[in-house]
Structure formats: structure tokens, C-alpha cells
Amino acid sequence: MEPIRIDVTAAAGAYPVLIGAGLLDTLRDRMDRAGLGPRRVLISSPTVWDLHHPQLRTLGTEPKPVLVPDGERSKTVQTVGIVYEALIKMHADRSTVIIAAGGGVIGDLVGFAAATFLRGVRVVQVPTTLLAQVDAAIGGKTGVNHPLGKNLIGAFHPPALVAADTSVLATLARREFRAGLYEVVKYGVIASAALFDRVRDTTPALFAHDRNALDAVVSASCRIKAQIVSSDERESGLRRILNFGHTVGHALEAVTKYRRFLHGEAIAYGMLAASALGAARGVTPAQANDALRALIAQLGPLPAVSDLSAREVIAAIGHDKKVIAGTLHFVAATGIGSTTILSDVTEKELKTALKGLGLKS
Ligand SMILES: NC(=O)c1ccc[n+]([C@@H]2O[C@H](COP(=O)([O-])OP(=O)(O)OC[C@H]3O[C@@H](n4cnc5c(N)ncnc54)[C@H](O)[C@@H]3O)[C@@H](O)[C@H]2O)c1
Ligand SMILES: [Zn+2]
């Protein structure tokens, strides 16, 4: 079956995002035809390679892949150094194409290595988690963490191609899969009631990795991200709506030292908080707020927050880069599928919303 194709326009030129179950079986030929070769180096993680090497081994032209560890803790300049060393030792040159096969951690760190090695070589993103397929692999943001903060070191480096084979998601842990679904819900809230309804109405099929159900929500999500980054590559305005749920979400991740929540889980709470805030201001209709709460509950359990204090979370929000000139801006829903920006959100409003999630004072 032909994959779904979505084109992203970037300042550096357009690139396609291909989506479909079984896509990896034809990717090698597609890269050949697109002039992405002749030399290709596959970079992945031991986990992803072990699970999917039969399909992945056809992609690179080197005898062996480069494997680097992929937890969030490995998303460092040191790991990028391992990638550089492997590339130098195999005499990679400016025409070498790098293939980043893995979750968002691999995509971001290998993308950054590609952005900087020899001042930039082409990269093909092969995302293997739901989160990476619908979000991280598209848009050209690459980078690594610094001990003092997440994603502080990075570069814009749009891929030459993104290839999302939804069949690889079958091996993903249920919790990782669910965390990715919350980002899909985010796209529904910010841009598409149809996508939101589809997640609600096909939840069992999605968890069963039904091919049609999965391809439909992954492609709808990619289309939304592609549209937004095409018109606002460097996040001046429109791209900000992608941050729906992320102000509180990032703070929850930070106060728990990135140990308790998967990113999508923290975003689920963040969306609930943003929605409650919007409802309290009369911007988010009660119906939309209720629909979001119901869908997040339907997708499954979230880690507990009752031991966290609202005060701590508010302090963490103060350190977030989304505080513009001292005032806090919040993306809020004006319905399922549309947003507005709330400005001058106060600590008191935030506290009420956080306590509504079950946090203590
Ligand atoms: N660049 C961007 O625009 C952007 C956007 C969103 C998130 N991100 C980044 O993405 C990262 C999170 O990505 P993630 O959620 O994919 O996490 P991840 O890359 O850590 O992957 C999660 C886990 O899934 C495993 N895994 C990957 N593919 C698998 C598969 N097919 N089957 C079984 N296991 C598999 C990995 O080994 C890992 O243990 C964060 O670092 C975040 O900053 C970047
Ligand atoms: Zn996110």
C-alpha cells in the first residue's frame, strides 16, 4: 500500500513526511530514488535495533549500525560525541546521509549530530515511538540536554525525509503508547475536533494497534504539526499553540526531576490545568472542558500528583522559558479544535487550577 505523504515547507527547503504500516520495507528504494545516498549510516539504540533490525538493516549501506543508548539521560553532548567519533572513524563525508531510527531522544540527538557534523549533513528521521512520529521527528528542532536544563543545546536542522512506519509501534510499551496518545489529543484540542472524536471513538482499536485506526490518527496529527511548522518554523506565533498543556506539563516534569511522568503524561495534566483555567475565565466552554477530562480519563491512568504542591509547581513555571517579559501566557481552548492565548495569568488562578488536579497547596 502507498504511504500517506505530507509535505512540510521549511526555510531550507521542503521535505516529505511519509506515514504507513510496512513503510520500512520500501524505504531503501525510496531513498535511492530520492537521491538520498549512495552512502547511508543508520544510527539507532540497542533497544530499537534488537526489536526491529530485520527492517532497519536494509536502510544503511554500512556493514554495521551505530548504536547509542536512548534514555532521556543519554540525551547529552557526550552521546553526540560517540556519534561524531563513529562517523569520523568510518570516514563519513558531506554527502553521507544519516538515518536516525528511534524515539524522540534518538531523533533529537542524532539530528543534532547531523546538524553539526561537517557543518551539517542530511538526516532521514525514522521515528519509532508514537510521540516521535506525531511530534519530535517533524519540524527540524534538534538538540540535547545540559545538566542544568532540558533541550538547552540545539540547532534547527530540518530532515531530508521523515518515514513513520506505524507497524513498529506494536512493540512499544503500553504506557509509552498512551503517553504518545495524549499528544494526539493535544492536536485534536488545538486544531481538529474530528481527530479528537476519532481518538475517543477508536480507543480500543488504537491500543490493539489496528492499522487503519493508527494510520488515521498518526497522519492527522502529522498533518497538523506539518501545517503549523510550515507557516511558523521558528516559533514566533502560531507554533506556540503546540505548547497547549506544556506550561504546567513541563513544570510537573521538572519538580519530579523527570522521573515520575512520561512527557505525554505530564502534558495530559497540563492540558487539564489549561482547560480548567480557561473554563474559570469563561473562555473554554464547560462542554469542551468536560469532553477533554472524559477522554483523558478514558485513555487510562496517570501517575499520582496528590503529594506535589501547587506552590512548587508555580515556582517551576516561573523558571520556564515561556514566561514572556514577566507575564505568563497560556494557550487555552475556546472549544475542541480552537485556541486563544490567555495573557497575564495570575498565581491565584494557577493555584486554583492545580488544586483542581489534586495537588496540595
Ligand atoms: N524535536 C522536537 O520537536 C521534539 C518534540 C517533542 C519531543 N521531543 C523530545 O523527544 C523525547 C521523547 O521522545 P520519546 O517519547 O520517543 O522517548 P524515547 O526516545 O526515550 O523513547 C522511549 C522508549 O521507547 C523505546 N522505544 C523506541 N521505539 C520503540 C519501539 N518501536 N518499540 C519498543 N520500544 C521502543 C526507547 O528505547 C525508549 O526506552 C524527549 O527528549 C523530547 O524532548 C522533541
Ligand atoms: Zn510535548
For the list (1) without any contact (Cβ under 8 Å) to a residue 40 or more places away in the chain; (2) at negative phi, I need the number of the one condition that residue 115 fails.
(1)
One residue is enough: does segment 179-193 have a residue meeting the conditions surrounded by fewer than 21 Cβ atoms within 10 Å (Cβ to Cβ) and either farther than 18 Å from residue 266 by Cβ or modelled with pLDDT under 95 (or both)?
yes
Across segment 16-40, what is the total count of residues that are in a strand (DSSP E or B) and either touching a Ser or Thr at 6+ places or on another chain (Cβ under 6 Å) or surrounded by fewer than 22 Cβ atoms within 10 Å (Cβ to Cβ) (or both)?
4
State whether the residues of segment 106-119 include one that is part of a loop (DSSP other than H, G, I, E, B) and buried (at least 21 other Cβ atoms within 10 Å of the Cβ).
no
From the residues in segment 194-208 that are crowded, with 23+ Cβ neighbours inside 10 Å and in contact (Cβ under 8 Å) with a residue 60 or more places away in the chain, which one is nearest to ligand 1 (Cβ to nearest atom)?
199
Please indicate, with yes or no, whether at least one residue in segment 32-41 is aliphatic (A, V, I, L, M) and over 19 Å from residue 110 (Cα atoms).
yes
Leading residue by the ranking (farthest from ligand 2 (Cβ to nearest atom)) among those in segment 261-291 that are within 19 Å of residue 329 (Cβ to Cβ) and assigned to a loop (DSSP other than H, G, I, E, B):
282
Residue in segment 50-61 that is of a type in the set (Asp, Glu) and either touching a helix residue (DSSP H, G or I) at 6+ places or on another chain (Cβ under 8 Å) or on the phi > 0 side of the Ramachandran plot (or both) present:
no
Going by the structure shown, is residue 224 at pLDDT 95 or above, surrounded by 16 or more Cβ atoms within 10 Å (Cβ to Cβ) and closer than 20 Å to residue 138 by Cβ?
yes
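Conditions (1) within 12 Å of ligand 1 (Cβ to nearest atom); (2) within 16 Å of the chain's Cα centre (by Cα); (3) under 22 Å from residue 292 (Cβ atoms), marked per residue:
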residue	(1), (2), (3)
218	no, yes, yes
223	no, yes, yes
229	yes, yes, no
237	no, no, no
240	no, yes, yes
245	no, yes, yes
249	yes, yes, yes
256	no, no, no
266	yes, yes, yes
Residue 348 is checked against (1) basic (Lys, Arg); (2) within 29 Å of residue 145 (Cα to Cα); (3) in a helix (DSSP H, G or I) and fails just one. What number does that condition carry?
(2)
From 17, 8, 48, grab the single residue that is farther than 21 Å from residue 156 by Cα and at pLDDT 95 or above.
48
Identify, from the list 162, 218, the residue that is in a helix (DSSP H, G or I), aliphatic (A, V, I, L, M) and either surrounded by 23 or more Cβ atoms within 10 Å (Cβ to Cβ) or in contact with a helix residue (DSSP H, G or I) (Cβ under 8 Å, 6 or more places away or on another chain) (or both).
218
Could you say whether any residue in segment 120-135 is out of contact with any Leu (no Cβ under 6 Å at 6 or more places or on another chain), near ligand 1 (Cβ under 8 Å from one of its atoms), of a type in the set (Val, Ile, Thr) and in contact (Cβ under 8 Å) with a residue 60 or more places away in the chain?
yes
If you scan segment 129-159, which residues turn out to be under 17 Å from residue 71 (Cβ atoms) and either within 12 Å of ligand 2 (Cβ to nearest atom) or part of a loop (DSSP other than H, G, I, E, B) (or both)?
129, 131, 132, 136, 147, 150, 151
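The values are calculated or read from the model by the stated rules, or taken from the named source; none is laboratory data. The structure displayed is predicted, hence computed values, not measured ones. All Cβ positions, even for glycine, are placed from backbone atoms using ideal geometry, and neighbour counts span all protein chains on display.
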